[in-house]
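What follows draws every value from the coordinates through simple rules; no lab data is involved. On a predicted model such as this, the values are computed, not experimentally measured, just so you know. When we count neighbours, we look across all protein chains shown, and the Cβ atoms used for this are built from the backbone with ideal geometry, even at glycine.
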Amino acid sequence: GAVVSQHPSWVICKSGTSVKIECRSLDFQATTMFWYRQFPKQSLMLMATSNEGSKATYEQGVEKDKFLINHASLTLSTLTVTSAHPEDSSFYICSAPLAASTDTQYFGPGTRLTVL
Amino acid sequence: GENVEQHPSTLSVQEGDSAVIKCTYSDSASNYFPWYKQELGKRPQLIIDIRSNVGEKKDQRIAVTLNKTAKHFSLHITETQPEDSAVYFCAASIGGGNQFYFGTGTSLTVIP
């Protein structure tokens, strides 16, 4: 099946710094990718839709200036958590549909962010 | 936007028994309903899905039913095994490569 990777798999950073997380579709092109956030023992909450070549669409309540999303190519979307704080510590997961018209999506392995 | 509710939040069953997890959704435009199994710290794994033009789908020990009129769908696992223990999430989407909205999750424990 299709493969989506994320890098890094885990990261620890100091409060106030910025962290970039990459999501790559390895064997298919993804014009759209999705970013989710998952706190311990909670569900996956959709943060934003990443659109190749255009601005991301953010869900209500998600600060677009804090969570910067860039989808510069058909195989790469990045999420930058700016001025990270301990409350941003979470598991961030991306997903991508195999094609624009397909229902099935492929998830990345996730990135564990810990902000000290 | 879409709101997906899931029950129960925790479920314990004896090995060999059946487990049922239920979800409701709010957006009548949703027409794709996948179920995911997630182990701690790992990505969600698709276990079964159903589209709105189908009322039931089965894959070995796993089945999903959909009542589009009532806006609810359920996951049924028969002959449960200890390796079925995990967190299960339902989701709803309008399909066609659009975003998923997930339920709150069910932690299933199968007791040997």
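Condition check ((1) in contact with an Asp or Glu (Cβ under 9 Å, 6 or more places away or on another chain); (2) more than 9 Å from chain B (Cβ to nearest Cβ); (3) more than 18 Å from B:Pro34 (Cβ to Cβ)) across all residues:
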residue	(1), (2), (3)
A:Gly61	no, yes, yes
A:His71	yes, yes, yes
A:Val81	yes, yes, yes
A:Pro97	yes, no, no
A:Thr102	no, no, no
A:Val115	yes, yes, yes
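Going by what's in this entry, would A:Glu22 be described as more than 14 Å from chain B (Cβ to nearest Cβ), among the charged types (D, E, K, R) and surrounded by 15 or more Cβ atoms within 10 Å (Cβ to Cβ)? So A:Glu22 fits the description; yes. Scanning the range A:88-116 for residues that are among the charged types (D, E, K, R) and either over 14 Å from A:Gln38 (Cβ atoms) or buried (at least 23 other Cβ atoms within 10 Å of the Cβ) (or both) yields one hit, A:Asp103.
With respect to the conditions (1) in a strand (DSSP E or B); (2) under 28 Å from A:Glu59 (Cα atoms); (3) of a type in the set (S, T, N, Q), B:Gln99 lacks only one, and its number is (1).
Mind checking which residues of the range A:71-104 are out of contact with any Ser or Thr (no Cβ under 6 Å at 6 or more places or on another chain), on the phi < 0 side of the Ramachandran plot, among the hydroxyl-bearing types (Ser, Thr, Tyr) and not in a strand (DSSP E or B)? Those that are out of contact with any Ser or Thr (no Cβ under 6 Å at 6 or more places or on another chain), on the phi < 0 side of the Ramachandran plot, among the hydroxyl-bearing types (Ser, Thr, Tyr) and not in a strand (DSSP E or B): A:Ser101, A:Thr102, A:Thr104. In summary, B:Thr80 fulfils each of the numbered conditions (1) more than 14 Å from chain A (Cβ to nearest Cβ); (2) in a strand (DSSP E or B) with the single exception of condition (2). Restricting A:Lys20, A:Lys66, A:Lys55, A:Lys41 to those that are in contact (Cβ under 8 Å) with a residue 60 or more places away in the chain and charged (D, E, K, R) reduces the list to A:Lys20.
Among the residues of the range B:8-31, is any within 12 Å of chain A (Cβ to nearest Cβ), touching a residue at least 40 places away in the same chain (Cβ under 8 Å), surrounded by fewer than 20 Cβ atoms within 10 Å (Cβ to Cβ) and closer than 27 Å to A:Ser50 by Cα? Yes, because at least one residue in the range B:8-31 is within 12 Å of chain A (Cβ to nearest Cβ), touching a residue at least 40 places away in the same chain (Cβ under 8 Å), surrounded by fewer than 20 Cβ atoms within 10 Å (Cβ to Cβ) and closer than 27 Å to A:Ser50 by Cα. Of the residues making up the range A:25-56, those that are polar (S, T, N, Q), farther than 15 Å from A:Ala2 by Cα and within 8 Å of chain B (Cβ to nearest Cβ) are A:Gln42, A:Ser43, A:Thr49. Any idea how many residues of the range A:28-70 are touching a strand residue (DSSP E or B) at 6+ places or on another chain (Cβ under 6 Å) and not in a strand (DSSP E or B)? Total satisfying the criteria: 8.
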